[in-house]
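Input: a single structure, listed below in structure tokens.
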Amino acid sequence: MKKFLLAIAVLAGLSAAAQTFAVGDLNYTITGTATVEVSGLANTTATAIDVPASVENNGTTYAVTAIGDQAFRWASITSAIIPSSVEVIKHGAFNGADLVSITLNEGLKEIGDYSLACKNLTAINVPSTVTRIGDDAFFGANALANVTLHEGLKTIGKSAFYKTAISKIVIPASVDTIDKTTFLFCKQLEEVTLNEGLKYLGDGAFNGCTVLQGITLPSTLTHIGMECFLENSQMQSIYIGAGVKELGESFMAKTGINTINLDPANPYFKLVDGVLYSANGLILYAVPMQGLTEYTVPAGTTAIYGGAFWGSQVANVTLPESMLVLDDYAFCQSALASINLPDGITYLGEQVFAATNLVNVDLPENAPYIQDGQFAGCTKLRNVTFPSSILQVYNHAFMNCSNLKITALGSNPPEIMDYYDDWDEPFYNASATVYVPKGAKSAYVAAGWGDYVLLKESETGTVKTVSTSPAYGDTIVNASGTIPMSVTVTFDQPVELVQENPDVHIHTNYLFYSSDIRPDDKWVASLGEDQKTLTIYGADLDGYTCQFRANEEDWYYFSLPAGMVKNADGEESEHIFILVHYAQGEAPQLPGDVTGDGQVDIADVNAVINMMLGKAEQTAAADVTGDGDVDIADVNAVINIMLGK
């Protein structure tokens with residue numbers, strides 16, 4: 001048996017060796033009965049190669065049909081001629097080579113990923129038979145100044161011409177897709193011709209083309225990707241055709257655009273006084289970057305699209321009460337100095353106000369998270385008010401903010417989210433004093449706030465909540481499929497009713513969910529005889545309590561505003577979140593409550609560990625991540641839930 005296995009190994013070795021041979025300066029690998037691909041240099045001192053259309057080995061003539069993967073990677077060759085028999089230049093074939101010039105002949109079909117990423121290459125004429133230029137094909141070919149493309153090409157891959165020296169280029173009409181970052185940071189690109197037939201411009205396709213003065217978008221275009229023209233400072237106008245139905249975030253941010261033109265036949269968008277909106281007017285997509293300094297967003301608008309004002313000259317903005325969402329980078333690096341934030345806003349995105357000129361900000365009550373970099377680089381920011389609803393503060397939130405005063409209205413400190421490096425701290429390179437309610441300083445110190453800011457107590461405190469019904473995490477079990485719009489809150493002292501019709505919100509699954517479940521008429525609040533118990537219900541048109549139809553797979557957040565009541569000293573109640581679930585029969589467990597005792601604690605962590613180690617039978621409740629297995633991911637998930645993350 002040993003001899004037999006040894007014989008097989010020897011034959012296999014001989015077979016493998018027979019697949020490669022050398023002719024002249026080149027090595028070849030057999031790919032078929034009569035085909036080979038070039039696999040490298042046989043003569044490593046060669047500086048110029050002329051690939052033959054065919055080669056002979058052991059009496060067989062082979063057609064040379066490909067340049068193989070990384071065949072000439074980092075090679076010292078400076079020139080190459082590729083015959084018409086070659087159909088594909090494979091992945092990384094000349095990546096990093098000293099190639100200055102290369103001749104490609106008709107017959108070539110594909111220029112593969114990273115295949116001609118050569119820093120010294122100066123010009124390329126792509127044959128008309130090529131249908132695809134691969135991802136990163138000329139990535140970092142910094143000397144590449146002249147590119148000729150021909151009809152027949154279909155797709156140009158992502159980062160294909162990244163950081164090249166192209167000054168002008170004509171995209172053939174046969175091209176329907178320019179992928180993401182194709183011409184990223186082509187800082188000498190002045191002129192681009194796009195022909196009819198193009199449908200897709202990917203994310204960042206022309207990002208950082210700082211001298212590109214204008215570009216005519218064809219009528220066939222349907223998609224303009226995220227940050228497509230970001231930082232094209234010389235662009236002064238943009239025309240959006242009738243077929244464009246998708247616009248990526250920040251597609252024209254930080255440009256010189258002072259005029260947005262829209263084909264009147266476009267059914268997806270509309271212009272309102274030169275500002276681009278969705279056709280229904282709910283979403284503001286983009287404002288002119290230059291020439292507009294003040295803007296009032298019309299009533300009924302619910303969202304500012306990502307990067308809509310990024311880099312603009314707009315200094316003063318007035319938002320309507322209908323506003324719900326300010327998306328990522330919405331006002332980043334703009335001239336923004338003043339803005340109102342209605343309490344109906346549920347989401348403020350990452351870097352939404354980063355590097356602006358804001359001085360005073362009152363955060364909205366229904367947006368519980370201060371996102372990554374939300375005010376980073378706001379060197380003029382002096383006063384920020386945290387409503388008691390703020391739950392979490394993320395990395396870089398107030399990075400590089402100096403002389404900052406934060407008034408925190410909640411006695412429960414927001415969680416400072418985990419970070420990796422010191423510079424990820426929410427208050428990195430910042431100086432801030434945080435004023436917290438009377439009696440709350442110790443809680444903020446325990447939560448780690450003293451490691452980042454100077455803590456001081458205000459002269460007034462807050463009215464504390466003792467309990468709610470339903471309680472946070474409760475499941476309402478009934479057979480009707482409904483949850484009553486009713487909540488009872490008990491306070492720690494007698495209070496006086498301030499808001500008879502409080503602005504209560506019910507969101508599904510997420511606190512920042514933009515949809516809002518509303519009663520037929522209004523929310524009504526009343527105090528009990530003990531002056532400590534507050535009942536709030538959503539009234540129908542007859543004054544009775546509304547019900548809403550619930551889904552067993554969903555959780556529902558009741559969001560109760562601060563200031564519903566006050567005590568004799570004028571101190572007010574804080575914002576209250578209550579999470580409830582509906583079940584028709586047996587009450588489902590709170591996520592992470594593996595033991596089923598109605599709370600998530602260390603007992604649940606231990607239970608998952610025991611199941612993972614085979615010490616206990618696995619249950620569905622222990623598979624917190626829902627991946628079909630009980631493992632360390634579920635342990636971490638339970639810990640995060642237990643810690644409120």
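May I ask you to list the residues in region 51-79 that are in a strand (DSSP E or B) and touching an Asp or Glu at 6+ places or on another chain (Cβ under 6 Å)?
Those that are in a strand (DSSP E or B) and touching an Asp or Glu at 6+ places or on another chain (Cβ under 6 Å): THR65, ALA66.
Give the residue, chosen from ASP421, ASP328, ASP372, ASP362, that is acidic (Asp, Glu) and farther than 24 Å from TYR557 by Cβ.
So the residue among ASP421, ASP328, ASP372, ASP362 that is acidic (Asp, Glu) and farther than 24 Å from TYR557 by Cβ is ASP421.
What do you reckon, is LEU292 closer than 29 Å to PRO502 by Cβ, part of a loop (DSSP other than H, G, I, E, B) and touching a residue at least 12 places away in the same chain (Cβ under 8 Å)?
In short, no.
If I go through region 443-499 residue by residue, how many of them are in a loop (DSSP other than H, G, I, E, B) and more than 30 Å from ALA430 (Cβ to Cβ)?
16
Pairs only if they're at least six apart or on different chains, beta carbon under 9 angstrom, first in region 219-236 and more than 17 Å from GLY256 (Cβ to Cβ), second part of a loop (DSSP other than H, G, I, E, B) and hydroxyl-bearing (Ser, Thr, Tyr); list them, first residue then second.
That search, which allows pairs on different chains as well, returns MET226/SER250.
When region 440-449 is examined, which residues are found to be surrounded by 14 or more Cβ atoms within 10 Å (Cβ to Cβ) and not hydrophobic (A, V, I, L, M, F, W, C)?
LYS441, TYR444
Quick check on region 110-123. Is at least one of its residues of a type in the set (Asp, Glu), within 26 Å of LEU26 (Cα to Cα) and free of Cβ contacts under 8 Å to residues at least 24 places away in the same chain?
no
Which numbered condition in (1) farther than 20 Å from PRO267 by Cα; (2) free of Cβ contacts under 8 Å to residues at least 40 places away in the same chain is the only one that ALA315 fails?
With respect to (1) farther than 20 Å from PRO267 by Cα; (2) free of Cβ contacts under 8 Å to residues at least 40 places away in the same chain, ALA315 is out only on (2).
Criterion first (of a type in the set (Ser, Thr, Tyr), outside any strand (DSSP E or B) and in contact (Cβ under 8 Å) with a residue 24 or more places away in the chain) does TYR556 satisfy it? So that I can check it myself, show each step before the final result.
Values: of a type in the set (Ser, Thr, Tyr): yes; outside any strand (DSSP E or B): no; in contact (Cβ under 8 Å) with a residue 24 or more places away in the chain: yes.
Taking the combined requirement at face value, the residue does not satisfy it.
When you look at ASN125, is it at pLDDT 95 or above, under 17 Å from LEU144 (Cα atoms) and among the polar types (S, T, N, Q), yes or no?
Against the criterion (at pLDDT 95 or above, under 17 Å from LEU144 (Cα atoms) and among the polar types (S, T, N, Q)), ASN125 qualifies.
Can you tell me which residue within region 254-263, out of those that are under 26 Å from the mean Cα position of the chain (by Cα) and among the aliphatic types (A, V, I, L, M), is surrounded by the most Cβ atoms within 10 Å (Cβ to Cβ)?
Selected residue: ILE257.
When you go through SER174, SER219, SER250 one by one, which is the residue that is modelled with pLDDT under 95 and in a loop (DSSP other than H, G, I, E, B)? Don't jump to the end; show me each part of the working.
Numbers: SER174 fails: modelled with pLDDT under 95; SER250 fails: modelled with pLDDT under 95.
Checking each option against the conditions leaves just SER219.
Can THR625 be described as modelled with pLDDT under 80, within 22 Å of TYR472 (Cβ to Cβ) and in contact with an Asp or Glu (Cβ under 6 Å, 6 or more places away or on another chain)?
So THR625 does not fit the description; no.
Residue by residue through region 210-230, note down the ones that are closer than 20 Å to CYS332 by Cβ and either crowded, with 22+ Cβ neighbours inside 10 Å or in contact with a Leu (Cβ under 6 Å, 6 or more places away or on another chain) (or both).
Listed by number, the residues that qualify are ILE224, GLY225, GLU227, CYS228, PHE229, LEU230.
Look at region 134-181 and say how many of its residues are β-branched (Val, Ile, Thr) and in contact with an Asp or Glu (Cβ under 8 Å, 6 or more places away or on another chain).
Residues of region 134-181 β-branched (Val, Ile, Thr): 147-148, 155-156, 164, 166, 169-171, 175, 177-178, 181.
In the following step, the residues that additionally are in contact with an Asp or Glu (Cβ under 8 Å, 6 or more places away or on another chain) were identified as 155-156, 169, 181.
Residues meeting the conditions: 4.
Which residue pairs have Cβ atoms under 9 Å apart, sit 6 or more places apart or on different chains, and have a first residue in region 492-513 that is without any contact (Cβ under 8 Å) to a residue 12 or more places away in the chain and a second that is in a loop (DSSP other than H, G, I, E, B) and among the aromatic types (Phe, Trp, Tyr)?
none
How about region 141-187: which of its residues are surrounded by fewer than 21 Cβ atoms within 10 Å (Cβ to Cβ) and touching a Phe, Trp or Tyr at 6+ places or on another chain (Cβ under 6 Å)?
LYS163, THR177
Please go through region 80-90 and give me each residue that is in a loop (DSSP other than H, G, I, E, B) and either among the polar types (S, T, N, Q) or under 17 Å from SER54 (Cβ atoms) (or both), ordered by number. Give the steps one after another, and end with the answer.
We begin by selecting, within region 80-90, every residue in a loop (DSSP other than H, G, I, E, B); these are 83-87, 90.
Residues satisfying the conditions are PRO83, SER84, SER85, VAL86, GLU87.
So how many residues does region 264-315 have that are crowded, with 17+ Cβ neighbours inside 10 Å and of a type in the set (Gly, Ala, Ser)?
Of the residues in region 264-315, 9 are crowded, with 17+ Cβ neighbours inside 10 Å and of a type in the set (Gly, Ala, Ser).
Just to be sure, is VAL580 out of contact with any Lys or Arg (no Cβ under 9 Å at 6 or more places or on another chain), at pLDDT 90 or above and outside any loop (DSSP other than H, G, I, E, B)?
Yes.
Please determine, by comparing only the residues of region 316-330 that are part of a loop (DSSP other than H, G, I, E, B) and surrounded by fewer than 19 Cβ atoms within 10 Å (Cβ to Cβ), which one is modelled with the highest pLDDT.
So, considering only residues that are part of a loop (DSSP other than H, G, I, E, B) and surrounded by fewer than 19 Cβ atoms within 10 Å (Cβ to Cβ), the one modelled with the highest pLDDT is PRO320.
Give me the pairs, please: first residue somewhere in region 527-543 and over 12 Å from VAL504 (Cβ atoms) and surrounded by fewer than 17 Cβ atoms within 10 Å (Cβ to Cβ), second residue anywhere and at pLDDT below 95 and of a type in the set (A, V, I, L, M, F, W, C), beta-carbon distance under 6 Å, and either six or more positions apart or on two chains.
Pairs that qualify, where the first residue is over 12 Å from VAL504 (Cβ atoms) and surrounded by fewer than 17 Cβ atoms within 10 Å (Cβ to Cβ) and the partner is at pLDDT below 95 and of a type in the set (A, V, I, L, M, F, W, C), are ASP540/CYS546.
The values are calculated or read from the model by the stated rules, or taken from the named source; none is laboratory data. Keep in mind that what you see is a predicted model, and the values were worked out from it rather than measured. Don't worry about glycine lacking a Cβ; one is built from the backbone with ideal geometry, like all the others, and counts go over all protein chains shown.
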